[in-house]
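The values are calculated or read from the model by the stated rules, or taken from the named source; none is laboratory data. Note that the structure is a prediction, hence the values are computed from the model and not measured. Heads up, the Cβs are rebuilt from the backbone with ideal geometry, glycines too, and the neighbour counts pull from every protein chain shown.
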Amino acid sequence: MTTSNQERPLNPSTASIWQKGLTGGLVGAAINLIVLWIAQSLMGGPLEITMPPTNTLAPLPWWQVVIATLVPAAGATVLYWLLLRFVPGATPIFWIAGLLFLLLSFFGPLGLPVAAGVKTTLVIMHIVAGLSILTFLTR
């Protein structure tokens, strides 16, 4: 028995998935840098968050925003690639998992001992990263 393309849709190539994941991460990082700049302008200085290992307040560097957006993009890309290869109906499952991860990621910023404006900015940045990555990977 043969399987036609009509019965089983072709999965996107690995290169295509990685390109979409990287694009989503880069777009999310760029938007998050704009959010960071706007927040710093409104607050009159750098966003200060607690930094390990001493947990003292320190300015949030721009490069950390980029890394904190690209690393989840890589993880999401691997997850989506695996789902596409092994799970029927991968895209809705990926969206549900991604949105759950996004909601769980709020515990990080909301648990920091920083000003409400800083927490709000960090949550906005999490939303930007998550939605950018999910949207670009699945389109």
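Does L10 satisfy being under 24 Å from T138 (Cβ atoms), surrounded by fewer than 17 Cβ atoms within 10 Å (Cβ to Cβ) and either modelled with pLDDT under 95 or not hydrophobic (A, V, I, L, M, F, W, C) (or both)?
It is true that L10 is under 24 Å from T138 (Cβ atoms), surrounded by fewer than 17 Cβ atoms within 10 Å (Cβ to Cβ) and either modelled with pLDDT under 95 or not hydrophobic (A, V, I, L, M, F, W, C) (or both).
Could you tell me which residue of the stretch 82-132 is modelled with the lowest pLDDT, considering only residues that are touching a His at 6+ places or on another chain (Cβ under 9 Å) and surrounded by fewer than 17 Cβ atoms within 10 Å (Cβ to Cβ)?
So, considering only residues that are touching a His at 6+ places or on another chain (Cβ under 9 Å) and surrounded by fewer than 17 Cβ atoms within 10 Å (Cβ to Cβ), the one modelled with the lowest pLDDT is G108.
Every residue in the stretch 85-126 that is under 26 Å from Q40 (Cβ atoms), β-branched (V, I, T) and touching a helix residue (DSSP H, G or I) at 6+ places or on another chain (Cβ under 7 Å), please.
Residues satisfying the conditions are T121, V123, I124.
Could you say which residue among S105, S41 is farther than 26 Å from P12 by Cα and under 12 Å from the mean Cα position of the chain (by Cα)?
Among S105, S41, only S105 is farther than 26 Å from P12 by Cα and under 12 Å from the mean Cα position of the chain (by Cα).
Surrounded by fewer than 16 Cβ atoms within 10 Å (Cβ to Cβ), farther than 19 Å from V123 by Cβ, aromatic (F, W, Y) and at pLDDT 95 or above: is that true of W63 in this structure?
Here the answer is yes, as W63 does meet what is asked.
Check off (1) within 13 Å of the chain's Cα centre (by Cα); (2) small (G, A, S); (3) within 23 Å of I38 (Cβ to Cβ) for A115 and give me the number that stays unchecked.
All conditions are met except number (1).
Residue by residue through the stretch 31-70, note down the ones that are without any contact (Cβ under 8 Å) to a residue 60 or more places away in the chain, of a type in the set (V, I, T) and out of contact with any helix residue (DSSP H, G or I) (no Cβ under 7 Å at 6 or more places or on another chain).
I34, I38, T54, T56, I67, listed by residue number.
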